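J.: Dropping a structure here in structure tokens format, bear with me for questions.
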Amino acid sequence: MFNFSFENTTKIHFGEGKIAALSKEIPANANVLFVYGGGSIKTNGVYDQVVDALKDHTFFEFSGIEPNPKYDTLVKALPIIKENNIDYILAVGGGSVVDGVKFIAAAAFFEAKNEGDEPWDILAKQAPINKALPIGAVLTLPATGSESNIGSVVTKDGNKLAFMHPLVRPKFAVLDPKVTLSLSERQVSNGVVDAFVHTIEQYLTYPVNAKVQDRFAEGLLHTLIEEGEKVLQPEHNKDLEVRANIMWAATMALNGLIGTGVPQDWTTHMLGHELTAEFNIDHARTLSIVLPAVMKVCKADKHAKLVQYAERVWNITTGTDEQKIEQAIAKTEAFFVAMKVPTRLSEVDVDASKIDTLVKRLEQHGMTQLGEHQKVTLDVSREIYQLAL
């Protein structure tokens, strides 16, 4: 196991009716910017619960944050912050809203030092962040884990980029499984797959004798497989216990715990981001398309962990190592099919003619040495895209 320092300071309020807790988490004298997405929270009761919890606070609203939040949308919040002396932001929604709020919180203090500087430099140039507004989150779609981590992904002009900073970690997050009952099947499915691949990216690398992290990761994978397939069945669709396990698994998958002290990959995400930016494919669906191809192309480097994955997650205990690996990859693809997400680029109308564009985008974004060993060059990425056709 690698040496590490670990901290996660986000307070979690988990369970039905917990939205009321935000009234005490946000300082009474704060000017709050209440940020949300397309308005679904106004039809599922979440909006009313939040407004009731904020009834003794001064708050302003900013809506319209889209899936894969766009820079041009997010910067529209900055004048509102300045004009109303906002000193706290509340994100209400899924990972895209939380990611967007993280950017807004940092951009509120961005200072241009040269002509042409803009808040996008936080992502494009990794401009330093010295201060950010405090953030709280009410999660409505379990998937990204953004409600208790330091990462954010934002899109601008076909470029989907990320930044990470401890100052944008939410101070608290409310996770009420009941609010997820109004999600569409596609949203639920995407969330399970996103959390599954988050776990894989921190687990399926090479052994470093990190037994605790491995067992935690395997437990999350088991949970997501069991509850993921169950939640799409009519008889379990409204089961709050199923929803609760999925919600907590998604948070635990990317709150820093299972990735502490171990090598990480993230090739699948980086290749997936280009698919989303270029073709507007759901983030989770890019992951379900790319991951099986990554497993196949990078099989040699991931050999030992692929065998462990086969044995511990899929209970494949007979046959040669190679046979176990092949079966594990096949079962992973079958799980994605059961979750009703695509596993091939052809299923989302992307053909071989588009691969050059995707590889060029990777090069433009500096994604030329990916993976746990930095062996995923542009040529290897091209091979992964081709195998995913």
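J.: Of the residues 44, 3, 29, only one is surrounded by fewer than 20 Cβ atoms within 10 Å (Cβ to Cβ) and either of a type outside the set (S, T, N, Q) or under 28 Å from residue 260 (Cα atoms) (or both); which?
T.: 3
J.: When both residues are 6+ apart or on different chains and their Cβ atoms are under 8 Å apart, which pairs have a first residue that lies in region 259-279 and is under 19 Å from residue 218 (Cα atoms) and free of Cβ contacts under 8 Å to residues at least 60 places away in the same chain, and a second that is of a type in the set (S, T, N, Q) and surrounded by 24 or more Cβ atoms within 10 Å (Cβ to Cβ)?
T.: What qualifies is 259/202.
J.: Still on this structure, I have one more. When you check residue 52 against the structure, is it touching a residue at least 24 places away in the same chain (Cβ under 8 Å), open to solvent by 70 Å² or more (accessible area, probe 1.4 Å) and either closer than 20 Å to residue 164 by Cβ or within 22 Å of the chain's Cα centre (by Cα) (or both), yes or no?
T.: No, not satisfied.
J.: Any residue at all in region 202-209 that is polar (S, T, N, Q), surrounded by fewer than 19 Cβ atoms within 10 Å (Cβ to Cβ), at pLDDT 95 or above and over 16 Å from the mean Cα position of the chain (by Cα)?
T.: Yes, region 202-209 has at least one match.
J.: Next question. Of the residues that make up region 124-134, is at least one of a type in the set (A, V, I, L, M), more than 21 Å from residue 38 (Cα to Cα) and open to solvent by 30 Å² or more (accessible area, probe 1.4 Å)?
T.: The answer is yes, given that some residue of region 124-134 is of a type in the set (A, V, I, L, M), more than 21 Å from residue 38 (Cα to Cα) and open to solvent by 30 Å² or more (accessible area, probe 1.4 Å).
J.: For region 9-19, does any single residue satisfy the condition of being open to solvent by less than 50 Å² (accessible area, probe 1.4 Å), hydroxyl-bearing (Ser, Thr, Tyr), in contact (Cβ under 8 Å) with a residue 60 or more places away in the chain and in contact with a Pro (Cβ under 7 Å, 6 or more places away or on another chain)?
T.: Yes: region 9-19 contains one or more residues that are open to solvent by less than 50 Å² (accessible area, probe 1.4 Å), hydroxyl-bearing (Ser, Thr, Tyr), in contact (Cβ under 8 Å) with a residue 60 or more places away in the chain and in contact with a Pro (Cβ under 7 Å, 6 or more places away or on another chain).
J.: Kindly establish whether residue 92 is open to solvent by less than 40 Å² (accessible area, probe 1.4 Å) and either modelled with pLDDT of 95 or more or among the β-branched types (Val, Ile, Thr) (or both).
T.: yes
J.: Moving on to the next point. For region 156-172, how many residues are over 30 Å from residue 357 (Cβ atoms) and in contact with a Gly (Cβ under 7 Å, 6 or more places away or on another chain)?
T.: Count: 3.
J.: Still on this structure: Go through region 350-377 and report how many residues are without any contact (Cβ under 8 Å) to a residue 40 or more places away in the chain, farther than 21 Å from residue 123 by Cβ and open to solvent by 30 Å² or more (accessible area, probe 1.4 Å).
T.: Counting residues in region 350-377 that are without any contact (Cβ under 8 Å) to a residue 40 or more places away in the chain, farther than 21 Å from residue 123 by Cβ and open to solvent by 30 Å² or more (accessible area, probe 1.4 Å) gives 6.
J.: A further question follows. Name the helices (runs of 4 or more DSSP H) wholly within region 57-127 that hold at least 2 residues that are without any contact (Cβ under 8 Å) to a residue 24 or more places away in the chain and at negative phi?
T.: Here the list reads 77-83.
J.: Still on this structure: Which of the numbered conditions does residue 77 fail, given that it passes all the others? Conditions: (1) open to solvent by less than 60 Å² (accessible area, probe 1.4 Å); (2) closer than 22 Å to residue 103 by Cβ; (3) small (Gly, Ala, Ser); (4) modelled with pLDDT under 95.
T.: Failed condition: (4).
J.: Mind listing just one residue for me: the one in region 225-271 that is aliphatic (A, V, I, L, M) and in a loop (DSSP other than H, G, I, E, B) and, of those, most open to solvent (accessible area, probe 1.4 Å)?
T.: Ranking the qualifying residues of region 225-271, first place goes to 257.
J.: With the requirement that a residue be in contact with a helix residue (DSSP H, G or I) (Cβ under 7 Å, 6 or more places away or on another chain) and either of a type outside the set (Gly, Ala, Ser) or open to solvent by 10 Å² or more (accessible area, probe 1.4 Å) (or both), what does region 96-112 give you?
T.: Those that are in contact with a helix residue (DSSP H, G or I) (Cβ under 7 Å, 6 or more places away or on another chain) and either of a type outside the set (Gly, Ala, Ser) or open to solvent by 10 Å² or more (accessible area, probe 1.4 Å) (or both): 98, 99, 102, 103, 104, 108, 110.
J.: Related question: For region 297-389, which helices (runs of 4 or more DSSP H) that fit wholly inside it have 2 or more residues that are among the β-branched types (Val, Ile, Thr)?
T.: In region 297-389, the matching helices (runs of 4 or more DSSP H) lie at 321-338, 355-364, 378-387.
The values are calculated or read from the model by the stated rules, or taken from the named source; none is laboratory data. For clarity, every value in this text was computed on a predicted model and none was experimentally measured. Because the Cβ atoms are built from the backbone with ideal geometry, glycine has one as well, and the counts that use them run over all protein chains shown. With ligands, DNA and RNA removed, areas are computed over all heavy atoms of the protein, side chains included. Shrake-Rupley method; radii C 1.70, N 1.55, O 1.52, S 1.80 Å.
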